[in-house]
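This report concerns only the one structure given below.
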Amino acid sequence: MGGAERYVRETARELGARGVESLLFYDVNVTPDPHPVMQAPFGGVFPIVDLARQLRELAPDVVYVHQLASLSAQRALLDSPAPVVRFFHDHRLFCLREHKYTVLGKEPCTKPVGAVCYPCLGFVGRSESWPGVKLASLRSLRAEQALSRRHHAFVVGSRYMAGHVVAHGFERERVHVIPLYAQVPPAPQPPVTREEDLLLFAGQLTAGKGLDVLFQALARTTRPCRLAVVGQGRQEAGLRA
């Protein structure tokens, strides 16, 4: 249950309040059993078995895709008579390392995926199994991009992300920037004592979340402020130091 899952769940709940029924399909290789809290706002929850057949039988009005890497599933989506809208949550489809920053120096990268990824060592990634590294294929990434370009529309959370998507050959007219939203409490809450100049960071303690950049920025500010960090991750020890 991370930020992406909460975004999908809360969107389904908001749509349900407006009379829209949502069905959830999930990849058993990624999520063997969705948490009951995740399932709650959906009218049905199904593992992906034969996606093309499932879509034909359920006949949805719109198919919304979030984090689906299977090429066979992508082809099944193209056979669906319903329009397909894909949300780009991160840079997985636009970087061999998935994070869009260089291996050496951790500098942000804005270049399209290509031969430049090899001097960057972008094809080398972390793996939980021995020997601890995995190699990414530029060919398979481009194959997935080609299938994704054929979808009806694309949603991103920022203009910055839209620029990356367009740079990889996606039509700008079909890319829609919809900023991520926050839930508004349904009723007035008890008054909270607020501290001046207190910043809050909430997220995984990994390089891709940019906490190290925030540290550098705070070191340069002339106005005293405090930072509260909420999260865990494999880089916690280094960030604490």
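The values are calculated or read from the model by the stated rules, or taken from the named source; none is laboratory data. All of these numbers come straight from a predicted model, not from anything done at the bench. Cβ: placed from backbone, ideal geometry, glycine included. Neighbour counts: every protein chain shown. Ligands, DNA and RNA are excluded from the accessible area calculation, which covers all protein heavy atoms including side chains. Shrake-Rupley method; radii C 1.70, N 1.55, O 1.52, S 1.80 Å.
Side notes on the structure shown:
- Among the numbered conditions (1) surrounded by 13 or more Cβ atoms within 10 Å (Cβ to Cβ); (2) not assigned by the TED database to the domain that holds residue 126, the only one that residue 153 does not meet is (2).
- The set of residues in segment 1-27 that are under 19 Å from the mean Cα position of the chain (by Cα) and exposed (fewer than 11 other Cβ atoms within 10 Å of the Cβ) comprises 1, 2.
- All positions within segment 6-38 that are among the small types (Gly, Ala, Ser), outside any loop (DSSP other than H, G, I, E, B) and either in contact with a strand residue (DSSP E or B) (Cβ under 9 Å, 6 or more places away or on another chain) or without any contact (Cβ under 8 Å) to a residue 12 or more places away in the chain (or both): 12, 17
- In segment 61-81, the residues that are in a loop (DSSP other than H, G, I, E, B) and touching a Leu at 6+ places or on another chain (Cβ under 7 Å): 80
- Condition met for residue 133 (modelled with pLDDT of 85 or more, hydrophobic (A, V, I, L, M, F, W, C) and open to solvent by less than 100 Å² (accessible area, probe 1.4 Å)): no
Residues are listed down the side, and each one gets a yes or a no for (1) under 19 Å from the mean Cα position of the chain (by Cα); (2) assigned to a helix (DSSP H, G or I); (3) at pLDDT below 90:
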{"position": "162", "(1), (2), (3)": "yes, yes, no"}
{"position": "166", "(1), (2), (3)": "yes, yes, no"}
{"position": "170", "(1), (2), (3)": "yes, no, no"}
{"position": "176", "(1), (2), (3)": "yes, no, no"}
{"position": "181", "(1), (2), (3)": "yes, no, yes"}
{"position": "184", "(1), (2), (3)": "no, no, yes"}
{"position": "189", "(1), (2), (3)": "no, no, yes"}
{"position": "205", "(1), (2), (3)": "yes, no, no"}
{"position": "219", "(1), (2), (3)": "no, yes, no"}
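- Which numbered condition residue 234 misses (of (1) free of Cβ contacts under 8 Å to residues at least 40 places away in the same chain; (2) in the same structural domain as residue 109 (by the TED database); (3) not acidic (Asp, Glu)): (2)
- Meets criteria (among the basic types (Lys, Arg) and loosely packed, with under 10 Cβ neighbours inside 10 Å) for residue 234: no
- With respect to the conditions (1) farther than 23 Å from residue 70 by Cα; (2) open to solvent by 40 Å² or more (accessible area, probe 1.4 Å), residue 174 lacks only one, and its number is (1).
- Test: residue in segment 33-51 that is within 20 Å of residue 183 (Cβ to Cβ), surrounded by 15 or more Cβ atoms within 10 Å (Cβ to Cβ) and among the polar types (S, T, N, Q): yes
- The listed residues are 119, 41, and the only one of them that is at pLDDT 90 or above and in a loop (DSSP other than H, G, I, E, B) turns out to be 41.
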